[in-house]
1. If you count, for each residue, the other Cβ atoms within 10 Å and average over each peptide, how do B:56-66, B:73-83 line up from highest to lowest?
2. Run the label-point distances for B:Asn127 please: 7 Å along Cα to Cβ, every other copy, nanometres, shortest first.
3. At B:Glu156, label 7 Å along Cα→Cβ: distances to the other copies, nm, ascending?
4. If you take each beta carbon of peptide A:93-100 and count the beta carbons of other chains within 10 angstrom, what is the mean?
5. Return the average number of partner chain Cβ atoms within 10 angstrom of each residue Cβ along peptide A:288-297.
6. Run through the other copies and list how far each one's label point is from that of A:Asp220, in nm with one decimal, shortest first; the point sits 7 Å from Cα along Cα-Cβ.
7. Give the shape of region A:2-184 as rounded, prolate or oblate, defined through the alpha-carbon gyration tensor: a ≥ b ≥ c are the square roots of its eigenvalues, a/c under 1.5 means rounded, and otherwise the shape is prolate if a/b is larger than b/c and oblate if not.
8. Out of residues 5 or more away from B:Val87 or on other chains, whose amide H comes under 5 Å of its own, with H placed 1.01 Å from N in the peptide plane?
There are 2 protein chains.
Amino acid sequence: MIYSVGHKNPDTDSITSAIAVADLWSKVKEATQPVAQGELAPETKFVLDKFGCEAPAIMTDATDKKIILVDHSDIAQTIDNLSKGEVVAVVDHHKLGDVTTPNPLEMWVWPVGCTGTIINAMYKFYNVEIPKNIAGIVLCAILSDTVIFKSVTTTEADKAAVAELAKIAGVADVMALGMEMFNVKSAVAGASMNDLIFRDYKDFDMSGKKVGVGQLEVVDLSVFDNIKADLYAELEKVKAEGRHSCFLLLTDIMKEGSEMLIVSDDPSVVEKAFGVAPKGTSVYLEGVMSRKKQVVPNFEKAFSA
Amino acid sequence: MIYSVGHKNPDTDSITSAIAVADLWSKVKEATQPVAQGELAPETKFVLDKFGCEAPAIMTDATDKKIILVDHSDIAQTIDNLSKGEVVAVVDHHKLGDVTTPNPLEMWVWPVGCTGTIINAMYKFYNVEIPKNIAGIVLCAILSDTVIFKSVTTTEADKAAVAELAKIAGVADVMALGMEMFNVKSAVAGASMNDLIFRDYKDFDMSGKKVGVGQLEVVDLSVFDNIKADLYAELEKVKAEGRHSCFLLLTDIMKEGSEMLIVSDDPSVVEKAFGVAPKGTSVYLEGVMSRKKQVVPNFEKAFSA
């Protein structure tokens, strides 16, 4: 048995890609089961429910297991004890991370907005018809990762994949589906501050320093008005767990910009990275919506300077 | 301009893949020029001459350049100052190495016998007809890397690619072409001992130790009878340049086995890796023909134990 798994604190793309790759791999190569490294975010639950897909079981240790990594290639984000298992494939749309392997493997890595776009191409490459419900969840992952095509990470390939998948999944109004999903994602009621920070959170190794970057994408930043102080206090706690810096992006997908909460041993990296001086403990970054393309590369440069 | 480049001490696959990827990339993406990190081996010269392809220019520094890596993903084997350039793509058939990138990229990595097999699939994927002369050199790379299908690294995909490419290149007798090529490769006359060691040589980082593994594939080991002592003396010099170990595989492609010359700070790794005790300064490894699949993984395990 092979296990397909996305990154820690799984987002919709990590879960739907694990499910889709497991389906495809089982059909063309070897029996594969999708697993998740943690609980599903509300958006992801909504997506799986909507198209009638089962949530993957949780698995956090790769010892003696054959593994397909989806949606990441960084050790900090991957399953525990990966080096005691065997990576047989990687399907990803991020920068190339620090995972290495002792054996040859298969990699599908494209600079597109979502792993789902690559998976759609893989089904075509292997000449397998993508099942209707999997087409639906992969479609949602692309809408989520590209913020309904508003993110700078969006490519023509993502748009083409959405058009193809919508036809197979029987989705008539893609934009309406996207807004429905982001309304679910915007809900903060009932979630603890810790839940909110880790809902879409990644740790990075930047020039030897552990740096965490969380992101909450909402349709209106006013949902944070009453909880911002509590969110910041919780972010300080997360930072105190051995990190050099913790940043939380509060992204307004309609206004297309992000307020970033800052806790850092060296807050000057923020101005170095973005050319904007923070006001107190936060900064507003006009036009910044993509952690992958606009935030992480700038921080990596600033940290290595 | 983008530059496609294979590993240091380029073999035929590294050169022909750089040429083919540059052709394809120029047609579907952006102008790309093939370059090489060093002089061509006699086998590679024979192949380029045979099909009328130009040798790539030599380039050894990636500073401020956009780069496509072919046939490797290890820092020890890649072009100097890669981190000061930008890796836009990787096309490879080896284990995943330690190259990382700050930006998303395109990767075509498959567990097949030769990068050429992946490149044949890429031409089909991008719906571009592979030019006749490039089909010829890529065909030769596959025959070379798979030792005319005798290597354990050979896959069905490699055989299928050779059949397709032979048709396009107009090669009627693939086996005869392979033997012609290996006869060129077997010639040791006129080459210095240093040339022979570095003809197909790679450095690896194994648990923090620098380990070099060279390989000479010949149709009859007797070509080494008169020069083995000189080869060994030269190998000791190469080892003394800051390496923990240097190994030279003398591979008999007809008998399908390798004599390995050993220079190491800890020769016990050889028995740990292969379960065979060396006789003096060398060991015969029955059935071992592939550095990638049979030698490097075993050494990596032995060095990490």
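1. The most tightly packed comes first, giving B:73-83, B:56-66.
2. Here the equivalent label points are 1.8 nm apart from this one.
3. Shortest to longest, the spacings are 3.5 nm.
4. Per residue, the number of nearby Cβ atoms from other chains is 6 on average.
5. Counting other chains' Cβ atoms within 10 Å and averaging over A:288-297 gives 1.
6. 8.7
7. The shape class here is prolate.
8. Answer set, sorted by chain and number: B:Ile67.
The values are calculated or read from the model by the stated rules, or taken from the named source; none is laboratory data. Remember, predicted model here, so these are calculated numbers, not experimental data. Methodologically, a virtual Cβ is constructed for each residue, glycine included, from the backbone with ideal geometry; neighbour enumeration extends over all protein chains shown. All accessible areas refer to the heavy atoms of the entire protein, side chains included, with ligands and DNA or RNA removed. Shrake-Rupley method; radii C 1.70, N 1.55, O 1.52, S 1.80 Å.
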